[in-house]
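Student: Pasting a structure here, questions to come.
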Amino acid sequence: MSMNWGQLSSRLVMNSLNQRIPLIGEFELTPRCNLKCKMCYICRDCNDKDAISRELSDRDWIRLALEARDLGMLFILLTGGEVFLRKDFKTIYDEISMMGFNVSLYTNGTMITPQVASWLGNHPPSQIEITLYGASPETYHAVCGDSSGFHSAIRGIELLINQGINVQLRTTIVKGNVHDFEALAEIAGSYGLPLGIVNYVSPRREGTFSSPEAERLSPKDLADFEEKVSLFYEQKQQEELKSRQENKTVIELNELQNKLVGNIPLYNNLNQLSEKISNIPSNKNQSKELISKDNFPKVNPLIDNYSKDNVLKDKDNSPKDILVKNDPSKNNLINNNLSIEKSNKQPDKNYSYYLVEDTNHNAGMNYEFINNKETFPCTSGKNSFWMTWDGRMVPCSMMNKPEAFPLKIGVKNAWRKLGEECKKVPACKTCSKCSISQYCNSCPAGLMNETGSFTKISSYLCELAQERKNKENELRLSADRR
Amino acid sequence: MKIKQGFLLREIAGSWVVVPLGERVVEFNGLLSLSESGALLWKRLEEEVMNEEELVKVLKENYEVEDTIAQFDVMEFLTNIKERGFIEQ
């Protein structure tokens, strides 16, 4: 039996959930940003003195990372605000990159210069995720207050790709950029990358000048948009299928169709949050082979034969000695045959997407592993945590409470305390009895941000769920008629 | 023979995982999952190993296993990790 990335990370997630090990940590190094996106959940001005004075030092972040590593943290995300605003970012990054983590970075890409790309290319993170806020300077002006951001971001993407770094793209859809969706899809497609679409925009966690509730799509518009996205990619994939059939390439049509997003019912995504880490295809040149569960490296029989009780056993089904590239073969992504080398080779086009359910929740989530009776429907506080820029450990990016203070009591104690506090968070009784909950992505964080309470329902989320249900009913009706 | 510098063997929630550090991510962007016995061999290989017999000895010290099987398994383990570039050349 062979194992792919998804299977390995699922195993790690499951075991860390059971043992309450903080497998995944997300470090928000700064709230400051050089852009001023209207829908931002945190943003502060890049010169904000209060933020600068209260941000943790590089030594603090390095210490926190080390303590978390010793507790079992494997996946670390460095994010902001905009991380490259920190003059000491390279110092922090250099140390963290040698600690034994699978490192991810989030950035808006606008501050990536050839020099930055070069040192990142020397010791790269496992992936860099860049958010595009539009497909033109005009849109960047409207959404982020900075028209130069568009070309800067594109330049940043290309500089990083040319260094052979695993770049991923996403966008956050709001009123100001929804008209740019197809152009954004084309941009991602032209790089051979799937487009992560942040569809749910939550109210602010902190900060003052952004207005996410005013900027986000209404529930009806968002449901319409989600349908449009699904249809767009379905069409793209049909075109690709057709062109491959015409070219008579040697790919089993079944195999290809299994990889097409368009075959997955739209609202399955609502209850199958893609595990962030395992959804990242690589564009490294060593991943030329199509990595799928059928052609993964062969099992090493070593594992078959030995076990903890020191007795030679027959081959069993336990996970094997497997080289797991950071390039999963999840069914809902077209795995790509990219060979991005430092010599600027052009990637194959690739049209696919995934919905990022909530604005900034990045921790891997596997619903099948979560006890449905727990208030948190995700891994937050169970095997993942978020460190805010001012030193608070919270369950996820959207939350201010519960909180713990690892700089005061150590990461170990803070992690334990956070877990205890999360268990005390009350569930929303109305949500737990809701008949359309499978269309809804409400959670304690969402409810708190929307309503100020963990137990009050949110009209925005309720309407959104209802609109999605209506869409599905319409789809069924039109399918029945055919 | 010896494991290259720049790979860190970690135990994460009961699984043995090798993580590339710093520059090593350029050539290998991912994780290597090892079994318990694979991890034992890997640890031994972090110091210089003169021949396969030393590794066979590690297995025999820790498991009840026949020589021929242990030898075969060591050979296959080494082939795998050499192919993937984990061993210093």
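Student: Within chain B, how many Lys pairs that are eight or more residues apart, or on different chains, come under 17 Å at the alpha-carbon? Before the final figure, lay out the partial values.
Tutor: Numbers: B:K2/B:K43; B:K2/B:K57; B:K2/B:K82; B:K4/B:K43; B:K4/B:K82; B:K43/B:K57; B:K43/B:K60; B:K43/B:K82.
Summing the qualifying lysine pairs gives 8.
Student: Hey, with R₀ at 35 Å, roughly what FRET efficiency would A:Q235 and B:E83 work out to, going by the Cβ-Cβ distance, to 0.05? Please list the in-between numbers first.
Tutor: Values: r = 42 Å, r/R0 = 1.19.
After rounding, the FRET efficiency stands at 0.25.
Student: To continue, here is another question. Over chain B, what is the relative contact order in percent, taking alpha-carbon pairs closer than 8 angstrom and at least six residues apart?
Tutor: Details: 98 pairs, mean separation 27.0, N = 89.
For chain B, the relative contact order is 30 percent.
Student: Using heavy-atom solvent-accessible surface (probe 1.4 Å) with all chains present, what is the largest-first order of A:F232, B:F86? Please report the intermediate quantities before stating the final value.
Tutor: Values: A:F232 25, B:F86 0 Å².
If we order A:F232, B:F86 from most to least accessible, we get A:F232, B:F86.
Student: In nm, what is the difference between 0.36 nm times the number of residues separating A:Q245 and A:K408 and their Cα-Cα distance?
Tutor: Working: separation 163, 0.36 × 163 = 58.68 nm, distance 6.20 nm.
Result: 52.5 nm gained on full extension.
Student: Quick one: net charge around A:T91, please, counting Lys, Arg +1 and Asp, Glu -1 for every other residue with C-beta under 14 Å from its C-beta. Each step should come with its number before you reach the end.
Tutor: Working: positive: A:R59, A:R63, A:R86, A:K87, A:K90; negative: A:E55, A:D58, A:D60, A:D88, A:D94, A:E95.
That sum, taken over residues with Cβ under 14 Å, equals -1.
Student: What does the extension gain come out to for A:D60 and A:K423, with contour length at 0.36 nm per residue minus their alpha carbon separation? Write out the running numbers ahead of the final one.
Tutor: On the way: separation 363, 0.36 × 363 = 130.68 nm, distance 2.78 nm.
Stretched fully, the A:D60-A:K423 segment lengthens by 127.9 nm.
Student: If you take the accessible area of A alone plus B alone and subtract the pair, what total do you get in square angstrom, rounded to 100, with a 1.4 Å probe?
Tutor: Numbers: alone 21000 and 5790 Å², together 23240 Å².
Roughly 3600 Å².
Student: Here is a follow-up. Please compute, over every Cα-Cα pair in chain B, the percentage with a separation greater than 17 angstrom. List each step's numbers first, then the result.
Tutor: Details: 1832 of 3916 pairs.
Cα-Cα pairs in chain B separated by more than 17 Å: 47 percent.
Student: Working out 0.36 nm times the residue gap between A:S478 and A:D94, then minus their Cα-Cα distance, what length gain in nm do you get to one decimal?
Tutor: Numbers: separation 384, 0.36 × 384 = 138.24 nm, distance 5.54 nm.
Stretched out fully, the A:S478 to A:D94 stretch lengthens by 132.7 nm.
Student: What are the ³J(HN,Hα) values, in whole Hz, obtained from phi via the Karplus relation 6.51 cos²θ - 1.76 cosθ + 1.60 with θ = phi - 60°, for each residue of segment A:67-84 in sequence order, with x given for Gly and Pro?
Tutor: With coefficients 6.51, -1.76 and 1.60, one gets 5, 5, 4, 5, 8, x, 5, 10, 9, 10, 10, 10, 8, x, x, 10, 4, 6 Hz.
Student: Amide H to amide H, which residues 5 or more places from B:L8 or on other chains are under 5 Å from it, using H placed in the peptide plane?
Tutor: When sequence neighbours closer than 5 places are left aside, the close amide H contacts are B:V19, B:L21.
Student: With every protein chain present, what accessible area does A:K401 have (1.4 Å probe, heavy atoms only), rounded to the nearest 10 Å²?
Tutor: Number for this one is 120 Å².
Student: Right, next: Just the projected area, averaged over all directions, of the convex hull on the alpha carbon atoms of segment A:32-157: how many nm²? If you can, show how the numbers build up before the last one.
Tutor: Numbers: hull surface 31.0 nm².
Convex hull of Cα atoms, orientation-averaged projection: 7.8 nm².
Student: Still on this structure: For segment B:38-55, just list the computed ³J(HN,Hα) in residue order, Karplus coefficients 6.51, -1.76 and 1.60, θ = phi - 60°, integers in Hz, with x standing in for Gly and Pro.
Tutor: With the stated coefficients, segment B:38-55 comes to x, 5, 4, 5, 4, 4, 5, 6, 6, 9, 4, 10, 7, 7, 5, 4, 4, 6 Hz.
Student: Which net charge results for the neighbourhood of B:G14, defined as the other residues with beta-carbon distances under 10 angstrom from its beta-carbon, given Lys and Arg at +1 and Asp and Glu at -1? Provide the component values of the computation, followed by the final result.
Tutor: Working: positive: A:R11; negative: B:E11, B:E36.
For residues surrounding B:G14, the net value is -1.
Student: Also, quick follow-up: Dividing the Cα convex hull volume of segment A:410-482 by residue count, how many Å³ per residue is that?
Tutor: Values: hull volume 7.7 nm³, N = 73.
About 105 Å³ per residue, rounded to a whole number.
The values are calculated or read from the model by the stated rules, or taken from the named source; none is laboratory data. The structure displayed is predicted, hence computed values, not measured ones. Note that we place each Cβ from the backbone using ideal geometry, even for glycine, and neighbour counts take in every protein chain shown. The area values use the complete protein model at the heavy-atom level, side chains included, leaving out ligands, DNA and RNA. Shrake-Rupley method; radii C 1.70, N 1.55, O 1.52, S 1.80 Å.
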